[in-house]
Each structure stands twice: as structure tokens, then as C-alpha cells.
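Report on the following structure.
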Amino acid sequence: MKQLSKRAASIHCIKQHISLFACPFCHTQMQLNDSGTMSCSQKHSFDMAKQGYMNFMTRPVASMYSKELFEARQEVIASGLYDPLQRRIAELLKNEQMILDTGCGEGSHLARICAQLPQAVGVGIDISKEGIIAAAKFYSDKIWCVGDLANSPFQSKSFTTILNILSPANYEEFKRLLQPDGKVIKVVPQEGYLQELRRQAFADSEKESYSNAQTVERFKDSFAKVDVQRLTYTVQLSTELVPKLLQMTPMGWHIENSTAVELPQITIDVDILVGEGE
Ligand SMILES: C[S@@+](CC[C@H](N)C(=O)[O-])C[C@H]1O[C@@H](n2cnc3c(N)ncnc32)[C@H](O)[C@@H]1O
Ligand SMILES: [Zn+2]
């Protein structure tokens, strides 16, 4: 059988889930034709890119994240640094079907979590086109969208789970998108997160340590039922991965002499916030 192009395969995949989509301008139902144009009843239209993603941006935005940052992130995540976090999230989602990752970046967390959940349909949205191009390149079996998580191109009550990993959030929009028993899982860095890197980047400055207590409080105020789990672990880092780690976060850019950096180990320290109900 002839192999479908990335674009044709993504058109085929999105057609099966077209009921998830709503126009980001007028919020009406969308249709997708065979040539890859998605349009609403008011004739706002959006095209499938050749790399296999949909672009729903309604205004231009400049992203601080580059192709190189997302490709470095992909390599670091592929090394297994976030495996315990992805496993913990997958355990929380045993029977979940429709998963939206908001601020998904280059898509590795969503892909690796869905790989542990055979029933799940994964959709990722990010405002950075570079991130979504990388996601569509690495993981062609998921639905990838460039768009604003605060004004997303999806119908209300479409998702059983919303993931929000190390990214900004919009809880009103998340509640609109969730099915009645759905949950939001937000991952927030805590004091020890990449602390070995932070110490070298911001030695002697107040940025050397930080707290996300306010973010956690705001999450608690936004949902009826909230569970908070802390996950902290330290892993050995191979020397080849050090330059990738410096590239994958703006924190690494503060280090002037990056070749002198020694990072034999690195710590992941996050709160996993699970929220349900209004
Ligand atoms: C620190 S990165 C985290 C990416 C990914 N979740 C990860 O952990 O590797 C934050 C991401 O949020 C995205 N982002 C920021 N504002 C956004 C918005 N309004 N809508 C969608 N994505 C947004 C950025 O483009 C970036 O990819
Ligand atoms: Zn419209």
C-alpha cells in the first residue's frame, strides 16, 4: 500500500476527531476537507501544514524558544530524565481517553505518557510554532496544534484530562474544555528543580533558589478537589547530555563559559497538582 505523506496522515487522523475542534474566532463547529483546510460556519479557515500540524494562531506572537531549545529538550527527555514524572502521571490517568497537553512544547511528555496508556488519544497545543514543528516531526501519531491555550481551538467538554507541565495555565479555559469528571494535572517546579544548574547560572543571586507557593495556592483556589504530590529525585548525567541541558532552558543561557560546566548529577523536584470540579 502507498505510504501516506505526513500531511495526509494527519488529515486522516484529525478527521476521526473533528468533533473536538471549535473555531478560535467564533467558537462554532469546524469541518476538515480532504485538502487539509479546516473551516467553521463563518468561513474562518486554517490549514494543515506540510509537517502535519494545524496552525490556529489568530495573531502573530514572538516566542522566546528556538528550534535548538526544543531539539535539546527532546534529547534530554529521551535520555529518561523525566521518566519517573511521566510514569507517575500515567498512573494517575489509567482510564483516561482524551488527553490535551497545554504548552506541550516539543511533545515528548505527551507522547511518552500516552505510550503507557494504550486507549488514550493525545492532543498537544503550544503557542510556539518551533515546538509544534518538532513535535510533529518526532511523534506523527498525535494531533499537534499551534495555538493559544487561553483561547484554544477546541469544543467545550472535549477532554478527560488536561496536562499542563512547566507551562503557563488558564484555569477558566481548562474548566471549559474538561468533561464533567475530568481533571487537570499541573506540574510546577519546586526549590530543588535543576538546582545544580541553577547554582552555576545564578551563583550568589536571589534567583539561585525560588518558590512556587503562589502558583500552588492559585491552583488550590481554582478547583473543588485538589491533590498535591511532591516528586523529588536525582539522576546521574552523562557528559554528552550537559550541553543539551544548558540549551534546553533559558537558565542555561546565563552561563558564560559553558564548556567549564560540570554537572555529574541533576535533580528533578516538582509538585504534581491534580484538580477536579468547579
Ligand atoms: C518551559 S516550556 C515547557 C514545555 C513542555 N511542557 C515541557 O515540559 O517540556 C513552556 C511552554 O509553554 C508554551 N506557552 C507559553 N505561553 C503559551 C500560551 N499562551 N499558549 C500555549 N502555549 C504557551 C511555550 O511556548 C513553551 O513551549
Ligand atoms: Zn469562525
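The values are calculated or read from the model by the stated rules, or taken from the named source; none is laboratory data. Here the structure is a predicted model, which means the values were calculated and not measured. Note that we place each Cβ from the backbone using ideal geometry, even for glycine, and neighbour counts take in every protein chain shown. The area values use the complete protein model at the heavy-atom level, side chains included, leaving out ligands, DNA and RNA. Shrake-Rupley method; radii C 1.70, N 1.55, O 1.52, S 1.80 Å.
Rounding to the nearest 20 debye, state how big the charge dipole of segment 149-201 is about its Cα centre with +1 on each Lys and Arg Cβ and -1 on each Asp and Glu Cβ. Intermediate results must be reported in sequence, preceding the final value.
Working: 7 positive and 5 negative charges, 9 e Å.
It works out to roughly 40 debye.
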Dimensionless Rg ratio for segment 1-145, taking C-alpha atoms and the 2.2 N^0.38 Å reference: 1.06
Ignoring ligands, DNA and RNA, what percent of the 1.4 Å accessible area of the chain is carbon and sulfur? 48
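What number comes out for the charge environment of LEU110, summing +1 per Lys or Arg and -1 per Asp or Glu over other residues with Cβ under 12 Å away? Provide the component values of the computation, followed by the final result.
Details: positive: ARG112, LYS142; negative: ASP101, GLU106, ASP126, ASP141.
Local charge sum for LEU110: -2.
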Work out the FRET efficiency for GLN229 and HIS12 from their Cβ-Cβ distance, taking R0 = 25 Å, and round it to the nearest 0.05. 0.10
Using unit Cβ charges (K, R positive; D, E negative) and no other charged atoms, how large, in debye to the nearest 20, is the dipole of segment 39-150 about its Cα centre? 180
What accessible area per residue, rounded to a whole number of Å², is obtained for the chain using a probe radius of 1.4 Å? 48
Contact order normalised by length for the chain, with contacts defined as Cα pairs under 8 Å and 6 or more residues apart; what percent is it? 18
What do you get for the angle between helix 6-16 and the principal long axis of the chain? Use alpha-carbon atoms, 0 to 90 degrees, nearest ten. 70
Given 25 °C and 0.890 mPa s, how large is the Stokes-Einstein diffusion coefficient of segment 6-276 in µm²/s, with Rh as the Kirkwood radius over Cα pairs? 127
Net dipole in debye of segment 6-276 [+1 Lys, Arg Cβ; -1 Asp, Glu Cβ; about Cα centre; nearest 20]: 960
Across segment 49-172, how many lysine pairs, 8 or more apart or on two chains, come within less than 23 Å at their alpha-carbon atoms? 12
Compactness of segment 92-189 - radius of gyration and Dmax, Cα, Å: 12.1, 33
Using +1 at the C-beta of Lys and Arg and -1 at the C-beta of Asp and Glu, which of SER128, PHE219, VAL242 has the Cα lying farthest in the positive direction of the dipole of segment 6-276? SER128
Charge dipole of segment 76-180 about the Cα centre (unit charges at C-beta), most positive-ward option of GLY147, CYS114, LEU166: CYS114
Rounded to whole Hz, the Karplus (6.51, -1.76, 1.60) HN-Hα couplings of segment 127-137, x for glycine and proline: 6, 8, 5, 4, x, 6, 4, 5, 4, 5, 6
Would you check the accessible area of LYS67, probe 1.4 Å, heavy atoms only, in square angstrom rounded to 10? 100
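Do any chymotrypsin sites (Phe, Trp or Tyr not before Pro) in segment 1-104 lie in a DSSP loop with no more than 16 other beta carbon atoms within 10 Å, and if so, which?
Sparse-neighbourhood loop chymotrypsin sites (Phe, Trp or Tyr not before Pro): PHE25.
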